[in-house]
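Notes follow once the structure below has been shown.
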Amino acid sequence: MTLTQDDINDLETLCSAGLEDVWPLSPLQQGLLFHALYDQQTADVYTVQHVFDLQGPVDATALKAAGQGLLGRHANLRAAFWHPRSGQPVAVIGREVTLPWREVDLSGLDVVGQEAALTRLLTDDRAQRFDPTHPPLLRFTLVRLENQHYQLVLTNHHILLDGWSMPILIRELLVLYAQRGDPTRLGRVTPYRDYLAWLSTQDQAEAQQAWAQALTGLQQPTLLVAPDAGRAPAIPEHITIEVPDNLTTALHDHTRRHGLTLNTVIQATWGLLLGRLTGTQDVVFGITVAGRPPQIPGIETMIGLFINTLPVRIRWHPAEPLSTLLTRVQDEQSQLIVHQYLGLTDIQHLAGLGKLFDTLMVFENYPLDPGALNTPNTSVRITGVTGRDATHYPLSLIAVPGPGPRLRLRVDYRTDL
């Protein structure tokens, strides 16, 4: 990564509190930055909001200090995202960044008034865009509902964090809260820069060859909506269903008998549905992969954006048994696991068809269980968690397994299309 003197001058202006480092972006970060800058007059669909129900005597000062402590521990949470005059976008890490913190007291309202005020607050908060050049791209709002009942609203841009990072971040927040911001009880941070360094050492040519082979013979993209470059993304609506327990139990039994994963079954089913909708037997759609390489020590406790969006190709013949199709889909995906770091832009270029898909399927298997987030060293307990996120795709399927044999399906859809 090379910066000109003009770039360095711009950086010094951008980081008035002191520049710590400059990093390249991960493939997905590059894509998310494009969407953040594309149309700045509308809501940013990649603004993520989590609401945590807190029970107990919350010390707002200590909680704010804990949030500031997170910024101190994790350099990537202090990142601004900037396009140099001379080349590719970069992450600019400031030495000191102040946590945006707000406190709202709704305890004087009745239940109906609280619900209305909280709904307005959450709606307005999620509609408030982040400026990628002004860190941090996250903020906290502490809402008091009763004497020992609060809601903590954590809003961030997806370019900073993925869903797998959220439980790690909240557990660290609670440990820091118990220690009033002192990080000595927490282990050493494995910096996000280690992941970026790992990315830079991967064999791009080998990955490109693997993806080119996987997409060989693909004749057309799989699009449910006609492309329109001038159409701005919109916040989708969603429908959620709980799959009946007897059906999920049968699905789990089937996957065990045939050596399959539930993810494979849902991917293949989504592909068959897209085939019915588009009238083809060779379809492509997007999936989200965790993207945490086990070769990096401490990867399981790292906070940041590791996920990647990649294409899945499903091909079939009407005479092919379903069990054969499922096994083949799983085998094809397994062969690509070691190449899941390649960016979607590069993969689409290899296919030579432009935009390959406009639907997304996510298997959301990261734990966000309130009970698992709590720490025994504080009297404040998390008793509930809700979250709102979205993508720019017209149609998405999010499958959330567990606890136990349960399976929840959420369909996100654009109402403006």
Original post:
Normalised by the number of residues in the chain, what is the relative contact order in percent for Cα pairs under 8 Å and 6+ residues apart?
Top reply: 24 percent
Subject >> Spacing of the two label points (7 Å from each Cα toward its C-beta) at His83 and Asp416, in nm >> reply: 2.1 nm
Subject >> the chain - mean residue ellipticity at 222 nm from DSSP helices (-39,500 (n - 2.57) per run, n ≥ 4, rounded to 500) >> reply: -11000 deg cm²/dmol
**OP:** Taking the chain as the reference, fit the longest principal axis to its C-alpha atoms, fit the long axis of helix 322-336 to the helix C-alpha atoms, and give the angle between the two in degrees, 0 to 90, nearest 10.
**Re:** 60 degrees
Original post:
What is the spin-label model distance, in nm, from Leu224 to Leu409 if the labels are put 7 Å beyond Cα along the C-beta direction?
Top reply: 1.2 nm
Subject >> Two-site FRET efficiency, Asp369 against Glu146, from Cβ-Cβ distance with R₀ of 41 Å, rounded to 0.05 >> reply: 0.95
Original post:
Length gain on complete extension for the stretch Leu186 to His317, per 0.36 nm per residue less the alpha carbon to alpha carbon distance?
Top reply: 41.8 nm
**OP:** Could you work out the local net charge near Arg185, counting Lys and Arg as +1, Asp and Glu as -1, over the other residues with Cβ closer than 15 Å to its Cβ?
**Re:** +2
**OP:** Subtracting the Cα-Cα distance from 0.36 nm times the residue separation, let me have the gained length for Arg120 to Thr249 in nm, one decimal.
**Re:** 42.5 nm
**OP:** Relative to the compact-globule scaling 2.2 N^0.38 Å, provide the ratio for the alpha-carbon radius of gyration of region 39-107.
**Re:** 1.49
Subject >> Nearest-0.05 FRET efficiency for Ser200 and Thr240, computed from C-beta distance (R0 30 Å) >> reply: 0.15
Subject >> Charge dipole (the chain, unit charges on Cβ, about Cα centre) - positive-most of Ala214, Val45, Tyr413 >> reply: Ala214
Original post:
How far is helix 245-258 tilted off the main Cα axis of the chain, in degrees rounded to 10, range 0 to 90?
Top reply: 60 degrees
Subject >> Stretch gain in nm, segment Asp59-Ala127, where the contour uses 0.36 nm per residue and the Cα spacing is subtracted >> reply: 21.7 nm
Original post:
What does the highest-first list of 9-16, 28-35 look like by mean Cβ count within 10 Å?
Top reply: 28-35, 9-16
Original post:
Between Thr278 and Arg102, what FRET efficiency follows from the Cβ-Cβ distance if R0 is 51 Å, with the result rounded to 0.05?
Top reply: 0.65
Original post:
Counting Lys and Arg as +1 and Asp and Glu as -1, each charge on the Cβ, what is the dipole of region 5-194 about the Cα centre in debye, to the nearest 20?
Top reply: 400 debye
Subject >> C-alpha center-to-center spacing [region 234-253, region 125-139] in angstrom >> reply: 32 Å
Subject >> Among Leu121, Ala79, Ala65 - extreme Cα towards positive end, dipole of region 63-179, charges at beta-carbon >> reply: Ala79
Original post:
For region 192-306, what is the charge dipole size about the Cα centre, in debye to the nearest 20, if Lys and Arg each add +1 at the Cβ and Asp and Glu each add -1 at the Cβ?
Top reply: 80 debye
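Only the coordinates and a few stated rules stand behind these numbers; no lab work does. As the structure is a computational prediction, the values presented were derived from the model and not from experiment. Please note: Cβ atoms are built from the backbone with ideal geometry, for glycine as well, and neighbour counts cover all protein chains shown.
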